Amino acid sequence: MSILSKLSFKDQAFRLREDAILDATTRILAVKGFDLMTIDDIAAEVGISKPSLYKHFKSKEELVGAVMTRLIDEAGAQLASLDAGLSALQQLQALLEWALRVRLGGGLPFLPSTSAHVREMLMKNLLYVGKVIKLNSQLEKRVRQAKAAGELRADLPDDVILFSYYARSCDPTVEYLRLYSKMGDEDIVRYMLDVSFQGMLATK
């Protein structure tokens, strides 16, 4: 039995509306970014009044923190759901593939990479920071395992690999390819994964 099914009808409606608010915020953030997005935009997208929205979230900052925290939760759940038989490198590849697909679907607003104000705001959100640290630790473990298995270069520092990995999930190349190339999303994901893990040098 799901958690939602255990709630009263009123609580279920509240939870569903909250999810709708977070979904709308994610879509608008992906298009407008934090500075241009307004509470009016979100309320209009969901089809509710601003007072109703404020019953769920007290400010735009709190709302964005909830969106980013949910995103980290989804990434952690995706990582946990991967086949245990996959190698560490295959798990890293699978998670990046998931992130690219979510991003192409408009569900991955990587705000910290584009706004110093948002980074500072999120760093004050202890729930978000705690979840980021946990996910980073899980990915760092897989990087070390992949290096030990000879799947990743042992001479590269872990941080170089990790931050390069994170950068791929918010690389503007994805948008450029969608706008200016004739590639479909499947090709974009495939080529981004190839460049991320195989590089651009021709094999000898």
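The values are calculated or read from the model by the stated rules, or taken from the named source; none is laboratory data. Computed from a predicted model, the values in this text were never measured in an experiment. With ideal geometry, Cβ positions are generated from the backbone for all residues, glycine too; neighbour counts draw on all protein chains shown.
One line per residue, one yes/no per condition, for (1) assigned to a helix (DSSP H, G or I); (2) farther than 21 Å from Arg27 by Cβ:
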| residue | (1), (2) |
| --- | --- |
| Glu97 | yes, yes |
| Arg101 | yes, no |
| Ser137 | yes, yes |
| Arg144 | yes, yes |
| Glu151 | no, yes |
| Ala167 | yes, yes |
| Tyr176 | yes, no |
| Glu186 | yes, yes |
| Val195 | yes, yes |
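Under the condition of being basic (Lys, Arg) and assigned to a helix (DSSP H, G or I), which residue from the range 40-70 is farthest from Thr25 (Cα to Cα)?
If we take residues in the range 40-70 being basic (Lys, Arg) and assigned to a helix (DSSP H, G or I), then Lys50 is farthest from Thr25 (Cα to Cα).
Could you run through the range 114-135 and say how many residues are free of Cβ contacts under 8 Å to residues at least 12 places away in the same chain and assigned to a helix (DSSP H, G or I)?
8
For the range 116-155: of the residues being among the acidic types (Asp, Glu) and touching a helix residue (DSSP H, G or I) at 6+ places or on another chain (Cβ under 8 Å), which is farthest from Ile72 (Cα to Cα)?
Selected residue: Glu151.
Please go through the range 153-165 and pick out each residue that is in a loop (DSSP other than H, G, I, E, B) and of a type in the set (Phe, Trp, Tyr).
Of everything in the range 153-165, nothing turns out to be in a loop (DSSP other than H, G, I, E, B) and of a type in the set (Phe, Trp, Tyr).
Considering only the range 101-115, how many residues are modelled with pLDDT under 85 and within 14 Å of Asp73 (Cα to Cα)?
So the count comes out to 2.
Ile28 fails exactly one of the following numbered conditions: (1) farther than 14 Å from Tyr128 by Cβ; (2) surrounded by fewer than 17 Cβ atoms within 10 Å (Cβ to Cβ). What is the number of that condition?
(2)
Of the conditions (1) under 22 Å from Ala88 (Cβ atoms); (2) at pLDDT below 95; (3) among the polar types (S, T, N, Q), Ser181 clears all except one; give me its number.
(1)
Could you please give the count of residues in the range 178-198 that are loosely packed, with under 12 Cβ neighbours inside 10 Å and under 13 Å from Tyr165 (Cα atoms)?
Qualifying residue count, the range 178-198: 2.
Residue check, Ser87 against (1) modelled with pLDDT under 95; (2) in the same structural domain as Gln198 (by TED's automatic domain parsing), all met but one. Which one?
Failing condition for Ser87: (1).
Regarding the range 106-121, can at least one residue be identified that is of a type in the set (A, V, I, L, M, F, W, C) and surrounded by fewer than 17 Cβ atoms within 10 Å (Cβ to Cβ)?
Yes - at least one qualifying residue is present in the range 106-121.
Would the range 71-81 turn up any residue that is part of a helix (DSSP H, G or I), within 20 Å of the chain's Cα centre (by Cα), surrounded by 14 or more Cβ atoms within 10 Å (Cβ to Cβ) and among the hydroxyl-bearing types (Ser, Thr, Tyr)?
Within the range 71-81, none of the residues are part of a helix (DSSP H, G or I), within 20 Å of the chain's Cα centre (by Cα), surrounded by 14 or more Cβ atoms within 10 Å (Cβ to Cβ) and among the hydroxyl-bearing types (Ser, Thr, Tyr).
What pairs can you find where one residue is in the range 169-195 and touching a residue at least 24 places away in the same chain (Cβ under 8 Å), the other is part of a loop (DSSP other than H, G, I, E, B), and their Cβ atoms are less than 6 Å apart, with a gap of 6+ or different chains?
If the second residue must be part of a loop (DSSP other than H, G, I, E, B), the pairs left are Cys170/Phe110.
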